[in-house]
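So the structure is just underneath, and the comments pick up after that.
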């Protein structure tokens with residue numbers, strides 16, 4: 001994202017004030033466009049799929065050096081964003097490189113190490129015995145990416161919103177609920193009967209995208225449990241990395257209590273597809289399922305501070321970036337942990353596309 005000039009800029013309407021909407025708005029402003037961001041609630045919205053304490057940021061995709069290399073580029077992008085958003089807040093680092101541990105069958109550790117080395121990503125073999133606070137599958141091995149870590153997600157959202165509020169080419173409009181987007185005309189219809197029109201409309205509404213544009217999504221619900229460690233373990237948890245592939249069945253993950261956050265645990269066994277955001281659950285004790293997954297050793301010693309049922313969206317095509325749905329309308333439905341992690345790439349790609357769009361319009 002590089003600074004541009006307003007002279008030849010577009011009027012860009014962004015629908016959605018989660019991580020994708022905010023980072024895309026920043027990218028558009030830096031590229032010389034005027035941005036109007038519409039959000040049904042406050043900005044940032046505590047109900048957004050991206051609003052949470054923290055998100056993991058890892059590089060390793062075992063067996064795929066190219067994907068691992070692309071993910072390593074995300075570390076650089078997030079460090080740049082950290083500098084941009086906190087340049088006036090010394091010490092307010094939003095990306096904490098506490099390391100990311102990945103557990104796997106012991107026989108797969110060699111391939112994981114080879115993948116990281118081929119991609120130029122620092123890695124080392126870890127022993128589950130050296131991390132007694134974490135529960136591992138029987139016979140598991142593990143690798144540690146020491147340069148990976150945790151994004152302080154809700155603080156990122158607040159910092160991005162603050163940056164936009166102070167920029168003259170950005171307008172944040174909270175409490176403006178979009179109910180429809182005309183993909184042909186680029187007009188956004190709001191619940192209060194008013195409409196907004198932009199040269200370009202970028203829909204970044206996650207699970208709500210399918211209600212605005214013709215972009216079918218699958219909505220997933222995931223239960224997160226937030227724990228407060230015993231006082232005598234607080235220091236140990238502060239030095240513990242983010243971890244995945246853990247728990248008795250290897251399907252669980254945790255984010256440690258770093259920078260004042262709670263310890264967050266969950267498992268893919270607590271993920272389910274739902275018809276919509278308001279669909280009631282089936283009565284399963286999902287929090288109990290998370291707590292019994294063997295993620296944390298002696299979990300009964302911990303206080304359950306909070307249980308949250310989060311939502312995220314995927315598309316049938318598996319796209320993680322913006323997809324063009326009309327002459328001047330793009331949409332990104334991807335959300336949740338992976339959507340948060342890859343949001344800078346989605347923003348960069350659509351800003352580059354807008355540059356090509358501007359050139360074609362001027363020709």
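Quick notes on this one:
- Test for residue 248: is it crowded, with 18+ Cβ neighbours inside 10 Å, at pLDDT 95 or above and farther than 19 Å from residue 41 by Cβ: no
- Taken as a whole, the structure places residue 196 among residues that are farther than 30 Å from residue 102 by Cα and more than 22 Å from the chain's Cα centre (by Cα).
Here's the yes/no breakdown for (1) touching a helix residue (DSSP H, G or I) at 6+ places or on another chain (Cβ under 9 Å); (2) surrounded by 24 or more Cβ atoms within 10 Å (Cβ to Cβ); (3) at pLDDT 95 or above:
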| residue | (1), (2), (3) |
| --- | --- |
| 8 | yes, no, no |
| 13 | no, yes, yes |
| 37 | yes, yes, yes |
| 46 | yes, no, no |
| 66 | yes, no, yes |
| 73 | yes, no, no |
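- Among the residues of the stretch 206-223, those identified as touching a strand residue (DSSP E or B) at 6+ places or on another chain (Cβ under 7 Å) and crowded, with 21+ Cβ neighbours inside 10 Å are 206, 207, 209, 212, 213, 215, 217, 219, 223.
- Tally of residues being in contact with a strand residue (DSSP E or B) (Cβ under 8 Å, 6 or more places away or on another chain), assigned to a loop (DSSP other than H, G, I, E, B) and under 22 Å from residue 70 (Cβ atoms) across the stretch 105-148: 5
- Unmet criterion (only one of (1) assigned to a loop (DSSP other than H, G, I, E, B); (2) in contact (Cβ under 8 Å) with a residue 40 or more places away in the chain; (3) under 16 Å from the mean Cα position of the chain (by Cα)) for residue 259: (3)
- Just one of (1) surrounded by fewer than 18 Cβ atoms within 10 Å (Cβ to Cβ); (2) at pLDDT 95 or above fails for residue 126. It is (1).
- Test result for residue 189, without any contact (Cβ under 8 Å) to a residue 60 or more places away in the chain, surrounded by 15 or more Cβ atoms within 10 Å (Cβ to Cβ) and part of a strand (DSSP E or B): yes
- Residue 141, sole failed condition from (1) under 22 Å from the mean Cα position of the chain (by Cα); (2) touching a residue at least 12 places away in the same chain (Cβ under 8 Å): (1)
- The single condition among (1) in contact with a strand residue (DSSP E or B) (Cβ under 9 Å, 6 or more places away or on another chain); (2) more than 20 Å from residue 246 (Cα to Cα); (3) touching a residue at least 12 places away in the same chain (Cβ under 8 Å) that residue 165 does not meet is (3).
- Count - residues of the stretch 229-240 that are modelled with pLDDT of 90 or more, loosely packed, with under 15 Cβ neighbours inside 10 Å and either in a loop (DSSP other than H, G, I, E, B) or in contact with a strand residue (DSSP E or B) (Cβ under 8 Å, 6 or more places away or on another chain) (or both): 1
- All positions within the stretch 163-204 that are closer than 30 Å to residue 87 by Cα and in contact with a helix residue (DSSP H, G or I) (Cβ under 8 Å, 6 or more places away or on another chain): 163, 164, 167, 169, 170, 172, 200, 202, 203, 204
- Test: residue in the stretch 18-35 that is outside any loop (DSSP other than H, G, I, E, B), surrounded by fewer than 20 Cβ atoms within 10 Å (Cβ to Cβ) and over 17 Å from the mean Cα position of the chain (by Cα): yes
The values are calculated or read from the model by the stated rules, or taken from the named source; none is laboratory data. No experiment lies behind these values; they were computed from the predicted model shown. Here Cβ is always computed from backbone atoms with ideal geometry, including for glycine, and neighbour counts include all displayed protein chains.
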